[in-house]
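Just below is one structure, and these are the notes that go with it.
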Amino acid sequence: MNTVAEKTVGLTAGPRRELPITWQLSAHARRLATLAIAGLLFAVITRRAEFAGLAAPALLLLIGYRADRPSAIGAELATGAELMTEGEQGAVLLRLTGLDAAQARVRLRPAPWITGGDAELGADGWYRLPFVPHRWGIRPVGTIDVTMWDRWRLTECWLTVGVPSVTCHPRLAVLDSLVVLSKLPARLGEHTSRHPGEGIEFDGVRDFVPGDRQRRINWPATTRRGTLQLNVFTAERAQNVVVLIDVSTDVGEPGRSSADLAVRAAAGTAMRYLAARDRVAVISFGRKLQWIASATGRRQADRIMNLIMTAGTAAGQPLGGLSALPHSALPPGALVIVFSPLLSLRLVEALRELRERGFAVIVVDVLVAQPSGGAGRNRAITQLARRIWRMEQEAIRFSLRELGIPVVAWDGQAPLDEPLAPYTRRPWLTTEMVNR
Amino acid sequence: MRNARSLLAVCLLEAAIVAWAALPAAGARPGAKPTLIAAVCCAVFGLAKLAASSTAVRATADQDRGLPEGKLFLSAPERMWQQAASALIAVPWPQLLIVAVIGLEALHPPAPWHTAVLGLVLLGYLAALQIAESGARLAMFAVQLPLIAAGIGLAAISVAAAALPASSTGSGSGWLAVLAAVAAILAAALALPV
């Protein structure tokens, strides 16, 4: 509707900026002028005074037109949060100054995958524009359209303010119970190991030997057996976990594609293991191979999130086997959890190689999309191709299971605990699987 | 909801001004019928343009959750339809409607009070249109109330002047009435402290 060229200004959060504006005659003023001129013209043509009366209110309203309007306004932009999570509400703050008597309407024109809300003007003069990102990634929020009128609505001007992008982290998949290996490295942690140690999990009693701590003597057992008996506890160990994200292929509806699911599941799993004080490494299997060496703590969580945000896009090693990875990225004896749609044969080969090297590998299948059934004359051929594709997929999964790599499917909705339940109830005996 | 209400108000006021200007059907001069048809067309297109602009805002908001359609090439009928739609949107239909309605009123026998009522309804239509387009509230016109009241007063005076029997039967009396009305409006415009 607006024929006037809009002005786009890219603002970054910070101090007030002066933005020049150009006022134009509003559509309301043009209509009033038409009514006034037409009324007067018809009054003169028809020599009927009532038409001049018809033009009177419009003419009087037009005398509010003034030329002394502000030629520039001040704009301040503040972004509420630069780091967000999918589905979390954020806000952009905008303050306009130097408007004098002019009125302004502020509206967020959201970019794709962003939902914008109505702008609210606070008592402090800041417009608060809420928005919600619906997909992870580094997302542009959109632009803010500012329309200004003078108090008589006879002139108007437009301004478009560019809003900086936000970094939107993926929504973490829920994972409460953990897959823990039966054989854990000798590193202090929170998982109960099978070896005796200084933990708090009771393991049994044994005879007291000189040098043992007296406070650990089990007096009821000592009374029963007649010799000093000592409580024995299990050691508490940390495990090495490698989260492998396969983003080499991305199929399915955007927002619920295989890459979306893989990223959410990988982020949720990595954060859960880090919370359990395990050492976590991440490998991104996309167009390039990227990895983060295993570590623990808050900084590692940030590093992992940064890698996930650029998974499949940033520079890395040429895609090849995983054997080239250093021990820090793939520690020996680590649990490898793979999130993949299993459409890349290179990855399947890499998983075979990992299994042969003795790693405990578990695959979470994130493929929820299927090829369409086809229509028209080619329907029969399409359905045949679909069946062949399904059989191929089943064959890939079967071959992995035969190698001792369990494959579980995750739909992206339920908690990850559900597909992983058979492997989280008790420590996972990896040696048995190697010997199978 | 508020948008739908303002759209409905514009629709009703458009219907009212066209119907009021077309009445009484008897006694109209030749040319009234084509002018009526033109007024109806302007009203319909103006309303469609207004509805399209508000629907486009909603559709943009709905599409924002998905990826852009990315349709690079349009078929010839689609392209023609888009060009026709943009051409229709570019026409200032409300202005044409105002001219058509005043012309239609002029083609009817003189009835000063009838013209005054048409003027009031036209003023209401312009206010409703501005509210529907900008999403503003009715309170926005509060500052303009003294001017609107003065305008209505002048309209009433001019209607009364037109209703008075002319002092002479010549064409000069009509001119005199018109000049007096215009002078009164200009005097009021200059005198009003805005």
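The values are calculated or read from the model by the stated rules, or taken from the named source; none is laboratory data. Please read all numbers here as calculations on a predicted model, not as lab measurements. All Cβ positions, even for glycine, are placed from backbone atoms using ideal geometry, and neighbour counts span all protein chains on display.
Across segment B:108-126, the number of residues qualifying as buried (at least 21 other Cβ atoms within 10 Å of the Cβ) and more than 8 Å from every other protein chain (Cβ to nearest Cβ) comes to 1.
A quick yes/no check of all residues on (1) within 10 Å of chain B (Cβ to nearest Cβ); (2) modelled with pLDDT under 85:
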position	(1), (2)
A:64	yes, yes
A:78	no, yes
A:101	yes, yes
A:104	no, no
A:130	no, no
A:136	no, no
A:158	no, no
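In this entry, residue B:142 is excluded by the filter for residues that are in contact with a Leu (Cβ under 6 Å, 6 or more places away or on another chain), among the aliphatic types (A, V, I, L, M), at pLDDT below 85 and part of a helix (DSSP H, G or I). Consider segment A:166-186 and keep the residues that are surrounded by fewer than 16 Cβ atoms within 10 Å (Cβ to Cβ) and within 32 Å of the chain's Cα centre (by Cα). The one that is farthest from residue A:276 (Cα to Cα) is A:174.
Residues that are more than 12 Å from residue A:369 (Cβ to Cβ), of a type in the set (Gly, Ala, Ser) and not in a loop (DSSP other than H, G, I, E, B) within segment A:252-286 comprise A:262, A:265, A:266, A:267, A:268, A:270, A:275, A:281, A:284, listed in sequence order.
Taken over segment A:35-54, the residue count meeting the criterion of being buried (at least 21 other Cβ atoms within 10 Å of the Cβ) and closer than 21 Å to residue A:155 by Cβ is 2.
For segment B:136-151, the set of residues classified as more than 7 Å from every other protein chain (Cβ to nearest Cβ) and either within 20 Å of residue B:181 (Cβ to Cβ) or in contact (Cβ under 8 Å) with a residue 24 or more places away in the chain (or both) consists of B:146, B:149, listed by residue number. Inspect segment A:232-246 for any residue being without any contact (Cβ under 8 Å) to a residue 40 or more places away in the chain and assigned by TED's automatic domain parsing to the domain that holds residue A:352 and give the result as yes or no. Checked segment A:232-246: no residue is without any contact (Cβ under 8 Å) to a residue 40 or more places away in the chain and assigned by TED's automatic domain parsing to the domain that holds residue A:352. Among residues of segment A:111-124 that are among the hydroxyl-bearing types (Ser, Thr, Tyr), those with a beta-carbon under 9 Å from a residue that is assigned to a strand (DSSP E or B) and surrounded by 20 or more Cβ atoms within 10 Å (Cβ to Cβ) at least six positions away or on a different chain give the pairs A:115/A:131; A:115/A:133. Here the condition is being modelled with pLDDT of 85 or more, under 19 Å from residue A:29 (Cα atoms), within 9 Å of chain A (Cβ to nearest Cβ) and not in a loop (DSSP other than H, G, I, E, B); of B:98, B:131, B:89, it holds for B:98 alone.
The criterion of being touching a Ser or Thr at 6+ places or on another chain (Cβ under 7 Å) and either exposed (fewer than 15 other Cβ atoms within 10 Å of the Cβ) or among the aliphatic types (A, V, I, L, M) (or both) does not hold for residue A:59.
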